Amino acid sequence: MSTELGRILVLGGTGFLGRRIVRRLLDRGYTVRVASRHPERSRRMFPDERSALESIRADVNDDGSVLEAVKETFAVINAVSLYTEHGSETFNAVHVVGAGRVATHARHSHVERLVHVSGIGVDAPSASPYIRSRRQGENAVRRGFPAATIIRPSVVFGPDDAFLQPIAALLRRVPIFPIFGRGETALQPSHVEDVAEATVRSLDAPKADVIYELGGPRVYSYKELLALIGEHVGSRPLLLPVPFVMWRPMAFAAEMLPTPPITRNRWSSWRSTMSPLANTPASTRSMPSHAELRLSSQR
């Protein structure tokens, strides 16, 4: 793909994954339009890239702003995600309606490639509103843009992540750490830099309408992963198995805190994914993966 073909739009380009995608596109010499609700953040993140970077305000829930964002772009990457619902910002609004809006406007604006970032485990029945919305979002994207590329990363980690970093902080502080069930769930974490690289490389793949499931180089049980993190931070708390049924009332109580470590939506999502293979993509299933994108993780 050549920059002569036009600019690339990244929605959610100031987020945890999105800003890494933007950096890789800029490093490849592409012209990038970053669309977010806070465009000033991208200007602070990439102060030396003013000539190749365009920062605009857009919201996937605002029809007009999405239409303007996708205009005159060759490719669109939608990296917008929501982990906790707030008022009108619901899983359905962002992952389903918003994602479908982006796809439809991209097709009507004659965008050639659309890459939609989803999540692992969405192809299985789930009681989790978050996971169901991800699956429904993929369907909405394919209806709006049938040739869309779907990226399904497993648990993503890296600096400032919302998974390993909070666990590490808790392991440093508490002598007893409650775990889901017996801690035997399989996880195959992906480093955020690898996911960003794979997302960018998918634009070069000859076939567009592909689902890529991305996982890291090693599969851990949840208990093994906690032990590894504890060793890294110099802490060895007692790992206390807690039945799944007891986590829901604990999550309900935690929601009364200013910044709850767990909510009922998160509990529901974790319960749905805490099963064999739910978070182990490419190494155990038949989906295309890092290998098809010529990406070998060193992390």
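Read-outs throughout are calculated quantities, based only on the coordinates presented, and are distinct from any laboratory measurement. Small disclaimer: the values here were computed from a predicted structure and weren't measured. FYI the Cβ positions are ideal-geometry reconstructions off the backbone, even for glycines, and counts take in every protein chain you see.
Worth a mention:
- Label-point gap, in nm, between ASP123 and ARG44 - each point 7 angstrom along Cα→Cβ: 4.0 nm
- Modelled label positions at ARG182 and TYR83, each set 7 Å beyond Cα in the direction of Cβ, lie 2.9 nm from each other.
- Residues VAL192, VAL22, VAL97 arranged by fewest to most Cβ contacts within 10 Å: VAL97, VAL192, VAL22
- A simple charge model with +1 on the Cβ of Lys and Arg, -1 on the Cβ of Asp and Glu and nothing else charged puts the dipole of region 1-147 at about 240 debye relative to its Cα centre.
- Kirkwood analysis of the Cα pair distances in region 111-263 returns a hydrodynamic radius of 17.6 Å.
- For region 60-187, the percent of C-alpha pairs falling in each 5 Å distance bin, counted from 0 to the bin holding the largest distance, reads 2, 10, 17, 19, 17, 13, 10, 6, 4, 3, 1, 0.
- Nitroxide proxy distance, nm - points 7 Å out along Cα→Cβ at MET246 and ASP204: 5.1 nm
- Paramagnetic label reach from ARG143 (point 7 Å along Cα→Cβ; backbone nitrogen cut-off under 15 Å): within region 88-126, residues 92-105.
- Among PHE180, PHE252, the order by Cβ neighbours within 10 angstrom, fewest to most, reads PHE252, PHE180.
- Here region 56-111 and region 14-40 have alpha carbon centers that stand 15 Å from each other.
- In a reduced charge model with +1 at each Lys and Arg Cβ and -1 at each Asp and Glu Cβ, region 1-87 shows a dipole moment near 360 debye about its Cα centre.
- Normalised convex hull volume, region 1-106, alpha-carbon set, Å³ per residue: 93 Å³
- Within region 165-260: Cβ-based charge dipole about Cα centre, in debye rounded to nearest 20 (Lys, Arg +1; Asp, Glu -1): 480 debye
- For MET246, MET45, order by how many other beta-carbon atoms lie within 10 Å, fewest first: MET246, MET45
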